[in-house]
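Here is the structure we will look at, set down as structure tokens.
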Amino acid sequence: MTTDPNLDSPRTAVSNPPVQPTRANLGPGDLIRSSATPDLPPPTRQLTPVAKLIDVSKCIGCKACQSACAEWNDTYPEVEENVGIYENPHDLTPDMFTLMRFSEYENPQTGDFEWLIRKDGCMHCADPGCLKACPAPGAIVQYSNGIVDFIHENCIGCGYCVTGCPFDIPRISKTDHLAYKCTLCSDRVAVGQGPACAKACPTQAIVFGTKEDMLAHAETRVEDLKSRGYDNAGIYDPQGVGGAHVFYVLHHADQPALYSGLPEEPRISSVVEGWKGPTKALGLAAIGVAAVGSVLHGLMTRANKVSAEDETQAEQLVEGREPPLRPETEV
Amino acid sequence: MARRMFSAAGDHIESRQPVTVSRYRGFTRVNHWVTAASLIALLLSGLALFHPSLYFLTGLFGGGQATRWLHPFVGVLLFFSFLLLFLQMWRLNLPRPEDRTWVSQIGDVVRGDEEKLPELGKYNAGQKFVFWAMTVLILVLIVTGVMIWEQFFGNLVSIQVRRWAVLIHSVSAVAIILTFILHVYAAFWTRGTLRAMTRGSVTGGWAWRHHRKWLREVAGRREGGPAE
């Protein structure tokens, strides 16, 4: 299978790269959101929404996706100490954008031991909390195909994206003070290739294509799992964040927390909404009114001036000819 | 040594013809302006990261990265310079019965009818409000600020606590800016006040008009002052 250069986004990750030169097709005209940019011009076209589907039931925990991710993004995650678990590194880092998380689960219904392996990383939310929280114009953008990307030249390293994200994904580098996370291989997608992790996955547990195709594929996977006795199999495509462009098929979709704490009903925290909504608008308005109001009041009303009489009284006091106390004054 | 209830140790009659009264010594004034400069730097850099329409203010500090880096350090500077002001001033800013009367007659204050108001010590209730508002807000800002200081304390608190910290930090910042505006406005509106923080002294008339108990106590202390 080859990639059709006339398509606005790749339909699969398994095809080989096009042999003919391809122009990068994710440009400024494809942005539908940009952090701290309220007056972003509308996109010049609508790209087909894409998605990465992670079918947890097919994952064998080989970490080919992690290796491919580090290789494509040219990152060198630190080799950490083995503490008796398979996770390596132990958490997402500024150099490790995706991480296999392993949890051991003893199913009380069947008595079976289950090894639940989930590939963790950015969900590419339709309503991204990181982007909402970001104070730097254009540091976080969302393309019309759904990819949420960090633009490092605009990033200031404040960590507000960490505060905004409902999935605890972004990491701030201690060396260059920039935020990092999965880009959904926007640089590959822009030239007709699927993400590196999906390309590397030996069992097709990670597949990539249009969101529509991926949802249809996920449905068949859920059906298959149900036929094998996983009655609670289902799709994890959280609607609290408007749906996501990375989503899961889970054998226990009723208990996402089993998969290393996948949030039950993720949404942007109301605290973050309150901070970026009313506080921002009302706060600035209050400051503006107070500043302008005090200048106007200062110009238009009489100031409180010391009179010559006050000075005379003070002199008499200091000379020891103390004027009488006001009757109501307690001494 | 004379009993001091309404004045600080260093306050003294500086000259008698015309009367000027020393209100703040040199160290206090320098420290006050360090605090003021820090607060202005903090509000400009903080506002730049608070609202997109003010992001251009990062240009004053050398860009977004530099603003992000600088803001917390200036905050620490302000915390310590204000701490010194606090230690010097807290006693004279404790509430007194006449403050209640002053607040209940706020109309007379705004009209400048001070003869209708009780005589006051070194600070009136408005100044005391600014003092305690600054104290509380600076404490809240430094604590929440450290919690969201990504560069050094990125893992200090959980993300949920961090969300509350950033919300409380921004609400407190708005409150301290409003307090700052009130403080500056009152200092300008009450003519003759600014020189207390520039030259260090006020005229006798100013002291008589606004802080008569303070003036009485300072004048009552004989020539030598603290050395007697």
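The values are calculated or read from the model by the stated rules, or taken from the named source; none is laboratory data. Quantities reported herein were computed from a predicted structural model and do not represent experimental measurements. Note that we place each Cβ from the backbone using ideal geometry, even for glycine, and neighbour counts take in every protein chain shown.
Overview of values
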{"read-out": "Residue ID - surrounded by the most Cβ atoms within 10 Å (Cβ to Cβ), chosen from residues in the range B:48-77 that are among the hydrophobic types (A, V, I, L, M, F, W, C) and touching a residue at least 40 places away in the same chain (Cβ under 8 Å)", "value": "B:Phe50"}
{"read-out": "Residue, nearest to the chain's Cα centre (by Cα), within the range B:30-63, restricted to residues that are hydrophobic (A, V, I, L, M, F, W, C) and within 10 Å of chain A (Cβ to nearest Cβ)", "value": "B:Leu43"}
{"read-out": "Residue tally, condition β-branched (Val, Ile, Thr) and at pLDDT 95 or above, over the range B:106-132", "value": "1"}
{"read-out": "Qualifying residue in the range B:186-195 (condition: within 9 Å of chain A (Cβ to nearest Cβ), among the hydroxyl-bearing types (Ser, Thr, Tyr) and surrounded by fewer than 18 Cβ atoms within 10 Å (Cβ to Cβ))", "value": "no"}
{"read-out": "Residues being closer than 30 Å to A:Ile60 by Cβ and in a loop (DSSP other than H, G, I, E, B) - total across the range A:127-150", "value": "3"}
{"read-out": "Residues satisfying the stated conditions in the range B:85-119, i.e. closer than 22 Å to B:Ala9 by Cα and touching a Lys or Arg at 6+ places or on another chain (Cβ under 6 Å)", "value": "B:Leu92, B:Asn93, B:Glu119"}
{"read-out": "The range B:127-155, subset within 14 Å of chain A (Cβ to nearest Cβ) and out of contact with any helix residue (DSSP H, G or I) (no Cβ under 6 Å at 6 or more places or on another chain), residue farthest from B:Ser170 (Cα to Cα)", "value": "B:Gln127"}
{"read-out": "Strands (runs of 3 or more DSSP E) fully within the range A:195-287 counting 1 or more residues that are touching a strand residue (DSSP E or B) at 6+ places or on another chain (Cβ under 8 Å) and touching a residue at least 40 places away in the same chain (Cβ under 8 Å)", "value": "A:206-210, A:246-250"}
{"read-out": "The range A:162-174, residues that are assigned to a helix (DSSP H, G or I) and either among the basic types (Lys, Arg) or more than 7 Å from chain B (Cβ to nearest Cβ) (or both)", "value": "A:Gly164"}
{"read-out": "Candidates B:Ala41, B:Ala9, filtered to the one that is on the phi < 0 side of the Ramachandran plot and in a helix (DSSP H, G or I)", "value": "B:Ala41"}
{"read-out": "Selection within the range A:10-60 - assigned to a loop (DSSP other than H, G, I, E, B) and within 14 Å of chain B (Cβ to nearest Cβ)", "value": "A:Ser35, A:Ala36, A:Thr37, A:Pro38, A:Asp39, A:Leu40"}
{"read-out": "Qualifying residue in the range A:242-249 (condition: surrounded by fewer than 16 Cβ atoms within 10 Å (Cβ to Cβ), within 28 Å of A:Gly164 (Cβ to Cβ) and either within 10 Å of chain B (Cβ to nearest Cβ) or among the aromatic types (Phe, Trp, Tyr) (or both))", "value": "no"}
{"read-out": "Criterion violated by B:Ala66 - all others in (1) in contact with an Asp or Glu (Cβ under 8 Å, 6 or more places away or on another chain); (2) within 14 Å of chain A (Cβ to nearest Cβ); (3) not β-branched (Val, Ile, Thr) satisfied", "value": "(1)"}
{"read-out": "Residue match in the range B:89-110 (condition: more than 12 Å from chain A (Cβ to nearest Cβ), buried (at least 20 other Cβ atoms within 10 Å of the Cβ) and closer than 26 Å to A:Cys134 by Cα)", "value": "no"}
{"read-out": "Qualifying positions in the range A:304-330 - part of a loop (DSSP other than H, G, I, E, B) and either at pLDDT 65 or above or more than 7 Å from chain B (Cβ to nearest Cβ) (or both)", "value": "A:Lys305, A:Val306, A:Ser307, A:Glu319, A:Gly320, A:Arg321, A:Glu322, A:Pro323, A:Pro324, A:Leu325, A:Pro327, A:Glu330"}
{"read-out": "Residue list for the range A:204-225, filter: within 13 Å of A:Leu250 (Cβ to Cβ) and in contact with a Gly (Cβ under 7 Å, 6 or more places away or on another chain)", "value": "A:Val222"}
{"read-out": "From B:Val202, B:Val143, B:Val161, B:Val166, residue being out of contact with any Cys (no Cβ under 9 Å at 6 or more places or on another chain), crowded, with 21+ Cβ neighbours inside 10 Å and closer than 30 Å to A:Cys130 by Cβ", "value": "B:Val166"}
{"read-out": "Residues (hydrophobic (A, V, I, L, M, F, W, C) and in contact (Cβ under 8 Å) with a residue 40 or more places away in the chain) located in the range B:1-41", "value": "B:Met1, B:Ala2, B:Met5, B:Phe6, B:Ala8, B:Ala9, B:Ile13, B:Val19, B:Val21, B:Trp33, B:Val34, B:Leu39"}
{"read-out": "Set A:Glu219, A:Glu311, A:Glu223, A:Glu264: member being out of contact with any Phe, Trp or Tyr (no Cβ under 6 Å at 6 or more places or on another chain) and not assigned by TED's automatic domain parsing to the domain that holds A:Ala196", "value": "A:Glu311"}
{"read-out": "Candidate set from the range A:137-161 (those that are aliphatic (A, V, I, L, M) and in contact (Cβ under 8 Å) with a residue 24 or more places away in the chain); member that is nearest to the other protein chains (Cβ to nearest Cβ)", "value": "A:Ala139"}
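Matching residues to (1) in contact with a Pro (Cβ under 7 Å, 6 or more places away or on another chain); (2) closer than 18 Å to A:Gly261 by Cα; (3) not small (Gly, Ala, Ser):
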position: A:Asn82; (1), (2), (3): no, no, yes
position: A:Pro108; (1), (2), (3): no, no, yes
position: A:Gly111; (1), (2), (3): no, no, no
position: A:His152; (1), (2), (3): no, no, yes
position: A:Cys158; (1), (2), (3): yes, no, yes
position: A:Leu184; (1), (2), (3): yes, no, yes
